1. Once you list every other residue whose beta carbon is under 14 Å from the beta carbon of Pro136, what net charge do they have if Lys and Arg are +1 and Asp and Glu are -1?
2. Along the charge dipole of region 37-176, Cβ charges K/R +1 and D/E -1, which of Gly102, Ala80, Gly155 sits furthest on the positive end?
3. What net charge is computed for the residues neighbouring His287, neighbours being all others with C-beta under 10 Å from the C-beta of His287, Lys and Arg scored +1, Asp and Glu -1?
4. Please compute the alpha carbon radius of gyration of region 43-193, then divide it by the globular-protein estimate 2.2 N^0.38 Å. Two decimals is fine.
5. Can you run phi through the Karplus equation (6.51, -1.76, 1.60; θ = phi - 60°) for region 240-252 and list ³J(HN,Hα) in whole Hz, with x for Gly and Pro?
6. Apply the Karplus parameterisation 6.51 cos²θ - 1.76 cosθ + 1.60, with θ equal to phi minus 60°, to every residue of region 81-86 and state each ³J(HN,Hα) to the nearest whole Hz, in sequence, with x for glycine and proline.
7. Is region 248-292 rounded, prolate or oblate when judged by the Cα gyration tensor, a ≥ b ≥ c being the square roots of its eigenvalues, rounded requiring a/c under 1.5 and prolate requiring a/b larger than b/c?
8. Going by C-beta contacts inside 10 Å, put His129, His218, His92 in order with the fewest on the left.
Amino acid sequence: MTTKDKTTDNGIRHRICAITLIMAMAAIMPYVASAMEPVKWNQRYQNYIDKYSDLAVYQMLKHNIPASITMAQGLLESAAGESTLARKGNNHFGIKCHDWTGPSMKKDDDAIGECFRVYKSPYDSYEDHSKFLERPRYRRLFSLRRTDYAGWARGLKACGYATNPRYADLLIDIIRCYNLHALDNAKTYDIAKVRGTGGKVDEVPRKFVAHNTTTTEHVVRMNNRNYYVFARKGDTFKTIGKEFGLSYRKLAKINERDKQTVLDDWDIVYLEKKRTRADKEFKNRPHIVCEGESMYTIAQKYGIRLKSLYKKNRMSPDYQLRVGDRIRVY
C-alpha cells in the first residue's frame, strides 16, 4: 500500500469513528437532556391528571398499586394521552402483546414493528396495567407501603418495566412536580369520572359499608361482579365478619376455607358467593399457571368456586399443577 493509500485509508477510518461517535451521542442525548432538565409543570399534563386521577385512585383501591405511580406511568408512557398508542389503541402504558390474544397494533419501539395491545377504552388499559403488575415478576413490589412511591418507581425499573435508565427518576420527578403522592392517601373517588373512561363500575352496596367503625376498615373492592377485601396478616373470618356485620361461618364457607383459619396479608376474602366462571373478558384467555399458584389461588383470583374450576378443566382435586399449565376460567 502506498503512502497516499495509507493516508486515504486513515482518513476513512477517522470519518467512520466520527460518525459512530455522533450516532452514539445522539442516542444518549435524550437521557442526558432529561437528566439535566427538571420536570416542569404544564397544562397538558394537568388536564390528563384531572381526567384520569379518579381512575388511578379506583385502581389503587382495587389492586393496591399507588395511584401516584399509575398516574405518573400513564403520563410518561402516553405523553399525557397524545401518543399514537393512546390515541389509536387506548394503550396508556405502552404494554406490549406478550401473551395477549386481543386486538393489537404494530409500532416501532426497541425493535421495528413491535406488537402492542389495543383496548376498547382507557378504563380497560388502566385495568390491564394493574393486572400486568400483579404478575410474579413484580410481586415483590406489593410488600412496599402504598405511600412509598419512590420504592415503587425504583422497583419497576429494577424489575425491567422500561429500558430508559432514568425511568425511576422520571416517575419520581413527575409525582413530586404534580403532587401526585397526595392521591395515595385517597379513600374515595368520583364514580362518574371513572365511568366516563369506559368502566362499568358499581357503587359499593350499603350492606358492605363497615358496621364496626372502631376497627381499621378494609377497602371493599369488586371482581367478577362480586365484592371482596384483602385480608391483613392475623385477620380471621370472625374479625372481618364483625366489621361488616356478616356471619363468619358464612364467610368461611363462601371462601372455601375452615372457619378458624388465620388469614395472611393479601388473602382475598369474598363477601358474597363466588360465581361458576370468570368475567366474560376471559372467555378465550386461559390462565397460565405461574410458580407458587394453586387451583385455589387461581379460583380466588378470578372469583370462581373451586369445584367449578376443577369441573371446567375436567380435573380431579388431586391433580398436581405444573408451571405453564393452561387453566380455563370462563
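1. Values: positive: Lys131, Arg135, Arg137, Arg139, Arg140, Lys301; negative: Asp99, Glu134, Glu291, Glu293.
That sum, taken over residues with Cβ under 14 Å, equals +2.
2. Farthest towards the positive end: Gly155.
3. Numbers: positive: Arg285, Lys301, Arg326, Arg328; negative: Glu293, Asp325.
Cβ neighbours under 10 Å give a net charge of +2.
4. Working: Rg = 14.4 Å, N = 151, 2.2 N^0.38 = 14.8 Å.
Taking N as the residue count of region 43-193, the ratio is 0.97.
5. Calculated HN-Hα couplings, in order: 5, x, 5, 4, 9, x, 10, 5, 5, 5, 5, 4, 4 Hz.
6. Once θ is set to phi - 60°, the couplings for region 81-86 become x, 9, 6, 4, 4, 6 Hz.
7. Working: a/c = 3.14, a/b = 1.59, b/c = 1.98.
Note, shape of region 248-292 comes out oblate.
8. Values: His129 24, His218 20, His92 30.
Going from sparsest to densest Cβ surroundings: His218, His129, His92.
No lab work stands behind these numbers, since they all come straight from the coordinates. Quick caveat: nothing in here was measured; it's all calculated off a predicted structure. Every residue, glycine as well, gets a Cβ built from its backbone with ideal geometry; the counts of neighbours run over all protein chains shown.
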